[in-house]
Amino acid sequence: MAPPNVFILTGAGISAESGLSTFRDKDGLWSRYKIEDVASIEGYGRDPQRVLDFYNLRGGAHGDVQPNAGHIALARLEQHWKMRGAVVTVCTQNIDNLHERAGSRRVIHMHGELAKVRCHNCGNVTPRDGDLSINLACAACGQIGGMRPHVVWFGETPLGMDAVYEALAASKLFVSIGTSGSVYPAGGFVRAAREADVATMEINLEPSENADAFDARRYGKASEVLPVWVDEMIGSVGR
Ligand code: OAD
């Protein structure tokens, strides 16, 4: 019999040990920047270059980071499940590409991807090639000034939500990893899972805002907890 499909939600905590800042921890990005200035559609309307500069800086920080043992464990789970005819879907709020670089193949980037650029005018998406500025022109429609990171800002709709809810409903286990659970719709997945009779588990450094909503909880660093949990999962279905 195939093992149960697993739906995984990840947040900034899984990339923290790779050296990328989280948002709401003590030294997190939102202690240094105002969301409404650098990550909202209104902020982009007021001062697009300031928003682009924030993501150019993040692009620089993402340049030489590596996947950690947490990302690698999730890729291992997906590969093992695939051999057994089952599916592991990773839905990430992160805009880095560390899941893919660790080997995960079914990845949904609900908040977009920093490695891609989108034209705000025509919607054309291309790979990112260096820093963004308001002087760049879109290769598809020719408009100057609308080249922005392919990321979701506050005030915009997350990406791939049909695929997200479909994968969640087709799963038997929902695991939330390294996220404070404070941003919706991701923060509501645990309740959606419960309503669909999907078992739920939280893996985080500390209890998240909606910790009480989970059936099971494990606390510690993602790079330490995930390899152990994945070993247990693989052990439970046989190697
Ligand atoms: P947060 O910064 O809100 O939460 C990160 C969580 O990771 C916290 O609960 C930490 O306790 C936990 N954490 C930190 N280090 C960890 C480690 N080594 N192992 C395991 N857990 C660890 O980040 P997110 O929940 O990802 O959205 O934030 C959600 C969204 O808010 C982001 O995608 C971004 C942000 O505003 C947009 O920009 C649209």
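The values are calculated or read from the model by the stated rules, or taken from the named source; none is laboratory data. Remember, predicted model here, so these are calculated numbers, not experimental data. Here the Cβ positions follow ideal geometry from the backbone for every residue, glycine too, while neighbour counts run over all protein chains shown.
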TODO: Identify all residues within region 219-239 that are within 27 Å of E166 (Cβ to Cβ) and within 15 Å of the ligand (Cβ to nearest atom); write none if there are none.
DONE: A222, L226, W229, V230
Open item on the list: Looking at region 34-55 only, could you name the residues that are away from the ligand (no atom under 11 Å from the Cβ) and buried (at least 17 other Cβ atoms within 10 Å of the Cβ)?
Closed with: G43, Y44, P48, V51, L52
Task: Candidate set: region 212-229, residues that are assigned to a helix (DSSP H, G or I), over 19 Å from the mean Cα position of the chain (by Cα) and aliphatic (A, V, I, L, M); chosen: the one surrounded by the most Cβ atoms within 10 Å (Cβ to Cβ) - done: A213
Open item on the list: Kindly evaluate E166 against the criterion of being more than 8 Å from the ligand (Cβ to nearest atom), of a type in the set (D, E) and exposed (fewer than 15 other Cβ atoms within 10 Å of the Cβ).
Closed with: yes
- [ ] Answer yes if at least one residue in region 104-120 is over 19 Å from the mean Cα position of the chain (by Cα) and under 14 Å from H150 (Cα atoms), and no otherwise.
- [x] yes
Open item on the list: Condition first: over 20 Å from S15 (Cβ atoms), among the polar types (S, T, N, Q) and touching a Leu at 6+ places or on another chain (Cβ under 7 Å). Can you find one or more residues in region 177-196 that meet it?
Closed with: no
Open item on the list: Restricting to region 125-156, give me the number of residues that are surrounded by 15 or more Cβ atoms within 10 Å (Cβ to Cβ) and of a type outside the set (A, V, I, L, M).
Closed with: 9
Task: Pairs with Cβ under 8 Å, 6+ apart, first in region 89-103 and part of a strand (DSSP E or B), second acidic (D, E) and buried (at least 22 other Cβ atoms within 10 Å of the Cβ) - done: V90/E78
TODO: Can you give me the number of residues within region 174-198 that are within 28 Å of P3 (Cα to Cα), within 14 Å of the ligand (Cβ to nearest atom) and not in a strand (DSSP E or B)?
DONE: 9
Open item on the list: So, in region 56-71, how many residues would count as being in contact (Cβ under 8 Å) with a residue 60 or more places away in the chain, in contact with a helix residue (DSSP H, G or I) (Cβ under 8 Å, 6 or more places away or on another chain) and assigned to a helix (DSSP H, G or I)?
Closed with: 2
- [ ] Kindly establish whether S171 is part of a loop (DSSP other than H, G, I, E, B), assigned by TED's automatic domain parsing to the domain that holds A216, in contact (Cβ under 8 Å) with a residue 40 or more places away in the chain and more than 16 Å from the ligand (Cβ to nearest atom).
- [x] yes
Task: Answer from Q79, Q66 - the residue that is modelled with pLDDT of 95 or more, surrounded by fewer than 18 Cβ atoms within 10 Å (Cβ to Cβ) and more than 26 Å from V198 (Cα to Cα) - done: Q66
- [ ] Identify all residues within region 11-33 that are small (G, A, S), within 6 Å of the ligand (Cβ to nearest atom) and surrounded by 20 or more Cβ atoms within 10 Å (Cβ to Cβ); write none if there are none.
- [x] G11, A12, G13, A16
